[in-house]
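The structure appears below as structure tokens.
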Amino acid sequence: MTKSLRMKHYYYYSLLLFGGILNAQVGINTTNPRTTLEIAGDMEISSSIEIGNIDSMVDTETSTFLVQDLDNTIKTLDVSNPIGAALGYIQEYIIYNPFQDFVRDFDTGIDATNYVVVAISAFYDEELSLFNASNQSDNFSLPYTSTIIDGGTWHIVANYPVARNSDVNAQGTWTIKTLIFSKDLSKQFGTIVVPMSGTNTGAAIVPIID
């Protein structure tokens, strides 16, 4: 075989080898890499990393977050999974046939140590009338809904103050929508005491977020 022919074979095999490397998946500390490069273990970077263009999400796509656990493991958080963990939850409660329009205490059973529950909307489906008030026809009552902690769990209160069903035999229904946050996945600032000193205005000395 001539030298020229040997060189051609060398370049040919080199291109095949190089092309195979370009198309291979490389694993460090793993024999089964799941992507182009997978490192199973700790990694220390002494210089910068350049990340290419990241496409924006579209409406039909779902998002997945990476979360570092207390033992430094990385886990995926798939917010599209209906039975998995999420950054927040929306739960609607249909509370049927309370006494008049009054829900004095509904225990959701949600642990107040791990979650925060906020009532974001409420609707009552019966006609109401005011009572124990003068000039009833000239007055109105706004719905009052709140979430409170009692006995370590979140409770819901709902009522139209100074009002009740126009038909005392009617069986009304509250539709209350709540927003539930996991304390593990949200920042908790704690409590801020605000002294008003007998006035009706106030201002934070330092904003919690600026």
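The values are calculated or read from the model by the stated rules, or taken from the named source; none is laboratory data. Since this is a predicted model, take the numbers as computed values, not measurements. Using ideal geometry, Cβ is built from the backbone for each residue, glycine included, and neighbour counts are taken over all protein chains shown. In case anyone asks, the SASA skips ligands and DNA or RNA and just uses the protein heavy atoms, side chains included. Shrake-Rupley method; radii C 1.70, N 1.55, O 1.52, S 1.80 Å.
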Residue list for region 15-41, filter: in a loop (DSSP other than H, G, I, E, B) and either open to solvent by less than 100 Å² (accessible area, probe 1.4 Å) or at pLDDT below 80 (or both): ALA24, THR30, PRO33, THR35, THR36, ALA40, GLY41
Go through region 159-178 and report how many residues are closer than 18 Å to ILE90 by Cα and in contact with a Pro (Cβ under 8 Å, 6 or more places away or on another chain). 1
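Residue-wise test of (1) surrounded by 11 or more Cβ atoms within 10 Å (Cβ to Cβ); (2) among the hydrophobic types (A, V, I, L, M, F, W, C); (3) under 30 Å from VAL67 (Cα atoms).
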| site | (1), (2), (3) |
| --- | --- |
| ALA112 | yes, yes, yes |
| VAL116 | yes, yes, yes |
| ALA122 | yes, yes, no |
| VAL157 | yes, yes, no |
| LYS177 | yes, no, yes |
Among the residues of region 177-188, count how many are assigned to a helix (DSSP H, G or I) and of a type in the set (Ser, Thr, Tyr). 0
Suppose the filter is in a strand (DSSP E or B), open to solvent by 100 Å² or more (accessible area, probe 1.4 Å) and touching a residue at least 60 places away in the same chain (Cβ under 8 Å); does ILE90 pass it? yes
Can you name the condition, by its number, that GLY202 falls short on among (1) open to solvent by less than 80 Å² (accessible area, probe 1.4 Å); (2) not in a loop (DSSP other than H, G, I, E, B)? (2)
Selection from region 94-110 of residues surrounded by 17 or more Cβ atoms within 10 Å (Cβ to Cβ) and of a type in the set (Ser, Thr, Tyr) yields THR108
In region 184-198, is there at least one residue being at pLDDT 85 or above, at negative phi, of a type in the set (D, E, K, R) and surrounded by 10 or more Cβ atoms within 10 Å (Cβ to Cβ)? no
Condition test on THR60, is it out of contact with any Cys (no Cβ under 9 Å at 6 or more places or on another chain) and at pLDDT below 80? yes
Taking into account only those residues within region 152-176 that are part of a strand (DSSP E or B) and hydrophobic (A, V, I, L, M, F, W, C), which is nearest to TYR115 (Cα to Cα)? TRP154
